[in-house]
Amino acid sequence: MPETDTEGARYQAEVPQPAPGFFLKGAHQLDWGMKNRLARVFSPQSGRTVMLAVDHGYFQGPTTGLERIDLNIVPLLPYCDALFCTRGILRSVIPAESPRPMVLRASGGPSILKELSDEQIAMDMEDAVRLNAAGVGIQVFIGGEFETRSIHNMTRLVDAGLRYGVPVMGVTAVGTNMVRDARYFRLACRIIAEMGAQYVKTYYVEEGFETVTASCPVPIVMAGGRKLPEIAALTMAWNAVQQGAAGVDMGRNIFQSDAPKAMIRAVHAVVHKNMKPAEALDLFHSLRAEG
Ligand code: 5RP
């Protein structure tokens with residue numbers, strides 16, 4: 001177990017980590033191709049991103065809201081900064097004319113019927129390059145049954161990504177019976193960054209999220225999680241970016257909303273324009289009324 005932690009002051013969350021010459025934390029010493037791909041996903045103006053996560057089918061099949069990606073998700077493409085999807089959906093459904101950067105799910109194996117941490121690398125980096133991917137994403141199961149393998153999967157993917165200039169997003173995958181607190185996410189995010197991921201996707205926690213972002217030397221994007229009322233999801237996104245996240249990678253809280261286009265635009269305003277949650281909710285309502 002990690003040493004006993006005293007949360008707060010010693011993480012110095014108010015002091016930004018220097019990144020001389022590049023806008024993204026921890027990325028200033030990377031090669032040109034890697035930086036260029038990161039700058040397609042993260043806005044060089046705001047330093048943040050709104051990624052739309054629609055990769056759920058890789059273990060959940062056609063989950064609610066993703067029954068028809070052609071009908072439900074393709075119309076949202078103009079409003080996201082990047083799409084997080086599988087290569088199967090990319091090749092079969094996403095129009096190649098789309099200028100949006102694509103981040104590809106690169107791990108998989110078990111379905112929801114099995115032990116989820118039993119994953120393998122599920123795509124070759126050469127295929128990610130062939131698909132002009134702006135990055136790849138992989139689950140890391142800290143504390144999970146196949147923890148070591150999932151870290152090894154990620155480090156192999158990072159090695160391949162460094163060879164081709166493709167950034168890797170490590171995703172903190174939390175088992176259902178594990179405690180989701182700042183201490184756990186500091187541990188998981190820091191391991192993922194230390195093992196070489198260029199950015200990390202993780203969940204928001206009410207207490208001490210700024211210590212998670214401060215102690216992670218690369219950008220963190222906030223995962224959405226289960227569907228919440230719009231005001232709660234917008235507040236969570238607001239809190240996350242105000243506490244140091246470099247944006248969001250949200251799925252269900254956007255595509256399971258009864259007005260997904262209005263919701264993604266409201267999230268965009270929170271992330272890139274620092275719009276407060278109540279104002280963003282008003283924006284959501286007025287965009288939904290417009291239809
Ligand atoms: C799980 C994942 C998912 O596949 C997905 O991206 C989650 O998105 P959301 O929770 O916002 O629906 O990465 O860790």
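The values are calculated or read from the model by the stated rules, or taken from the named source; none is laboratory data. Everything quoted here is computed from the prediction, not taken from an experiment. When we count neighbours, we look across all protein chains shown, and the Cβ atoms used for this are built from the backbone with ideal geometry, even at glycine.
Tabulated results
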| read-out | value |
| --- | --- |
| Flag if residue 34 is outside any loop (DSSP other than H, G, I, E, B), within 16 Å of the ligand (Cβ to nearest atom) and in contact (Cβ under 8 Å) with a residue 40 or more places away in the chain | no |
| Candidate set: the range 267-291, residues that are more than 18 Å from residue 49 (Cβ to Cβ) and outside any helix (DSSP H, G or I); chosen: the one modelled with the highest pLDDT | 276 |
| Condition broken by residue 138, with the remaining ones in (1) under 14 Å from the mean Cα position of the chain (by Cα); (2) closer than 23 Å to residue 12 by Cα; (3) without any contact (Cβ under 8 Å) to a residue 60 or more places away in the chain satisfied | (2) |
| Long-range neighbours under 9 Å by Cβ, at least six apart or interchain, first residue within 14 Å of residue 219 (Cα to Cα) within the range 7-25, second among the aromatic types (Phe, Trp, Tyr) | 23/42; 24/42; 24/199; 25/199 |
| Breaking point among (1) in a loop (DSSP other than H, G, I, E, B); (2) within 16 Å of the ligand (Cβ to nearest atom); (3) within 19 Å of residue 166 (Cα to Cα), for residue 25 | (2) |
| Residues that are closer than 18 Å to residue 72 by Cα, within 15 Å of the ligand (Cβ to nearest atom) and not β-branched (Val, Ile, Thr), drawn from the range 231-265 | 249, 250, 251, 252, 253, 255, 256, 257, 260, 263 |
| Condition check for residue 111: at pLDDT below 95 and in a loop (DSSP other than H, G, I, E, B) | yes |
| Positions within the range 51-77 being in contact with a strand residue (DSSP E or B) (Cβ under 6 Å, 6 or more places away or on another chain) and of a type in the set (Val, Ile, Thr), in sequence order | 54 |
| Candidates 254, 264, filtered to the one that is of a type in the set (A, V, I, L, M, F, W, C) and touching a Pro at 6+ places or on another chain (Cβ under 9 Å) | 254 |
